1. So what are the ³J(HN,Hα) numbers for the stretch 184-191, from phi and the Karplus equation (6.51, -1.76, 1.60; θ = phi - 60°), rounded to whole Hz, Gly and Pro as x?
2. Considering only protein heavy atoms and a probe of 1.4 Å, how much of the accessible area of the chain is carbon and sulfur, as a whole percent?
3. Taking R0 as 51 Å, what's the FRET efficiency between LYS152 and MET1 from their Cβ-Cβ distance, rounded to 0.05?
4. Simple spin-label model, 7 Å along Cα-to-Cβ: SER19 to ASP35 in nm?
5. Convert 20 °C to kelvin, take the viscosity as 1.002 mPa s, use the Kirkwood radius over C-alpha pairs of the stretch 67-184 as Rh, and evaluate the Stokes-Einstein diffusion coefficient in µm²/s, rounded to a whole number.
6. Quick one: if the Förster radius is 22 Å, what FRET efficiency do GLU126 and LYS102 give, using the C-beta to C-beta distance and rounding to 0.05?
7. What does the accessible area per residue of the chain come to in Å², with a 1.4 Å probe and no ligands, DNA or RNA counted?
8. Just from its helices, what would the mean residue ellipticity at 222 nm be for the chain, if runs of 4 or more DSSP H residues each count -39500 (n - 2.57) and the sum is divided by every residue, rounded to the nearest 500 deg cm²/dmol?
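The values are calculated or read from the model by the stated rules, or taken from the named source; none is laboratory data. Keep in mind that this is a model prediction, so the values were computed, not measured. Methodologically, a virtual Cβ is constructed for each residue, glycine included, from the backbone with ideal geometry; neighbour enumeration extends over all protein chains shown. When the accessible area is computed, the model is the full protein with side chains, heavy atoms only, and any ligands, DNA or RNA have been set aside. Shrake-Rupley method; radii C 1.70, N 1.55, O 1.52, S 1.80 Å.
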Amino acid sequence: MENLRLIYDGKTKRVYVKSDDMLLMEFKDVVTALDGAKVTHAAGKGVLNAALTAYFFKLLKSEGIDNHFIHYDGERSVIVKKLSMIPAEVVVRNYAYGGLVKRLPLLKPLTKLNTPTVEFHYKSDELHDPLILSEDLINAGLVSPHELEVIKEVSLKVNDVLLRRFDGCGLLLLDFKLEFGRDSDGKVLLADEICGDSVRVIDSDGRHLDKEVFRRGGSVDDLVKAYTLLACKLGIDVRGFQCT
Ligand SMILES: Nc1ncnc2c1ncn2[C@@H]1O[C@H](COP(=O)(O)OP(=O)(O)OP(=O)(O)O)[C@@H](O)[C@H]1O
Ligand SMILES: [Mg+2]
């Protein structure tokens, strides 16, 4: 990667130092399962997820939601503002699904929630990203009460923008995952990715256009097709991919 220093080789992205305050995130052609224990090659997935991430972060910026995105190279890399990451996954839910149904079977899959919910998971592969209380984040010193409010507010704003955008192309946004970090001034900013790996969306036939395809035993080809369809529905032109 043009002689940049690799500082993190993650499950789905490599992170390089671009400058003092910028990083380059390169999306890999891999799909992981079981908290990264199972890794499968998925040709084309990196470019699709980079294009989707660039698209959503630009859209959010245009809607007044500040975030880490700086530039997309048109292939598999995005340049972002370097942040100190908060080790939490923020999950916004509109419908009961996945982990929520597993922990509370009273809620049947695809039940519309009365109001969107924001939940927190402590980022730890070893512990399988356990659900935690918002108070836990404060007690553990991971965020201040004010930062927690900012994170909740921004997450719900992101939800509004994404719900509208997906609705506009006939898709239903079930839930998604966000990450946040602090910049050098201590400002909390939306970071990481928004792509097929981190959102759950279905079309009017209930077909998934996200990683659920793979979780349910679909092939790598099925997964790449689903992500391609997602990009096509959103009108994103992805290099090397045709919308037919
Ligand atoms: N703006 C940013 N500044 C610094 N780090 C970032 C930024 N955006 C995302 N990251 C971090 O970069 C890494 C991206 O790699 P990847 O998503 O593959 O990691 P991962 O294997 O999923 O591990 P993790 O559990 O840390 O996410 C993540 O650790 C993510 O938190
Ligand atoms: Mg990650």
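1. Karplus values, whole Hz, x for Gly and Pro: 5, 8, x, 7, 7, 10, 5, 9.
2. The value for the chain is 52 percent carbon and sulfur by accessible area.
3. Approximately 0.90, to the nearest 0.05.
4. 3.9 nm
5. The Stokes-Einstein estimate is 135 µm²/s.
6. It comes out at approximately 0.65.
7. In whole numbers, the chain has 50 Å² accessible per residue.
8. So the calculated ellipticity at 222 nm is -9000 deg cm²/dmol.
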